[in-house]
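The values are calculated or read from the model by the stated rules, or taken from the named source; none is laboratory data. Please read these numbers as outputs of a predicted model, since none were measured by experiment. Backbone-built Cβ (ideal geometry, glycine too); neighbour counts: all protein chains shown. With ligands, DNA and RNA removed, areas are computed over all heavy atoms of the protein, side chains included. Shrake-Rupley method; radii C 1.70, N 1.55, O 1.52, S 1.80 Å.
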Protein chains: 2
Amino acid sequence: MYLIGELSKQTGVKIPTIRYYEEMGLIEKPHRTSGNQRQYEREGLERLSFIKHARDLGLSIEDIRELVDLSSSPEKSCKQAHEIAHHHLQFIKAKISKLRKLEKELKRIALLDDEGHVGKCKIIASLADHRLCKGEH
Amino acid sequence: MYLIGELSKQTGVKIPTIRYYEEMGLIEKPHRTSGNQRQYEREGLERLSFIKHARDLGLSIEDIRELVDLSSSPEKSCKQAHEIAHHHLQFIKAKISKLRKLEKELKRIALLDDEGHVGKCKIIASLADHRLCKGEH
DNA sequence: CCTCAAAGCTCTAATGACTAGAGCTTTATT
DNA sequence: AATAAAGCTCTAGTCATTAGAGCTTTGAGG
């Protein structure tokens, strides 16, 4: 149905990355044409979309592998999938709050406007001296 | 003044990372003792703190190298340091807003609570089908 | 049928920012 | 003098790709 280039276009996953996913066992080895070219079915497209989507959400390959394994063993409960998603949500929340602190401090630093030489540049001084931070990190 | 272990404790930068920074030319090669051990002065401690702080803020090694170079060439203006900090601020802002979108979607996904088998697990379906997203990413 | 570009293939190596381990030497303490 | 802790160098591994070399296959035009 699709050659690798088409699959790449459809999903937005770059060609070497698709091959890498295959090597990692994240996607199944597709059927090959007589000329040894990978040929994907709709199923392969869907799985790759799944992976792309999960990667965009920031899940690690290992997380995704777990989800993929879950989805191919239908006797296992959905609970584990929930756990993975939930766990990742906590992770994202933590990351956001951390970044917000950084944003605050960077704002403070970037808005210092002196025009002196670097020897007394406040930005550099501010980066050099952690005590000048308003918050900790 | 400080051996590498002490420097590591003071700054929170791990020992192999300190040596890596040295190899990258990010910190100066320190004086060695007769027994070939690295010996740092307060100056070295300060530079490493600077680097640590900037890394914590998410600046890349290359950004930091630029700042380091700036700070050792006092004739250059502070403007460039501002530019780097400002540019990074924009980057952080973009990252935060991206993560917020992800948070929203993950919340939506993680709160789907079905107890069926994975074959119809909404989480997995939701990850597989990008069209189910409320927003794009 | 032939040619030629585009797209495919495999394999190796690079990226960034570390981190870990092997196998050794130096230092400090008992 | 012995031993443990901390240092050293060097190599290789991590994660998730990405890039490049050098080759083959495919499809379209002449």
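On a per residue basis, the convex hull of the C-alpha atoms belonging to the range A:4-61 measures out at 73 Å³. If R0 is 25 Å, what FRET efficiency do you get for A:Ser60 and A:Arg100 from their C-beta distance, rounded to 0.05? Taking R0 as 25 Å, the efficiency between A:Ser60 and A:Arg100 is 0.65. Residue by residue along A:49-59, Cβ atoms of other protein chains within 10 Å of the local Cβ number 5 on average.
At the residue level, B:His87 shows approximately 130 square angstrom of accessible surface with a 1.4 angstrom probe and all protein chains present. Solvent exposure of A:Phe91, expressed as accessible area, is near 100 Å², computed with a probe of 1.4 Å over the protein chains only. Across the copies of the chain, B:Ser34 has label points (7 Å from Cα along Cα→Cβ) spaced 8.0 nm apart, shortest distance listed first.
For A:Arg100, the point set 7 Å out from Cα toward Cβ sits 1.0 nm from its twins in the other copies, listed from shortest up. In this structure, the pairs whose alpha-carbon distance is over 27 Å, taken from A:Lys98/B:Lys104; A:Lys52/A:Lys93; B:Lys14/B:Lys104, are B:Lys14/B:Lys104.
Distances from B:His86 to itself in the other copies, using label points 7 Å out along the Cα-Cβ axis, amount to 4.6 nm in increasing order. Using the Cβ-Cβ distance between A:Thr33 and B:Glu41 with R0 set to 51 Å, the FRET efficiency works out to roughly 0.20.
Taking other residues whose beta carbon is less than 12 angstrom from the beta carbon of B:Arg32, and scoring Lys, Arg as +1 and Asp, Glu as -1, yields +1.
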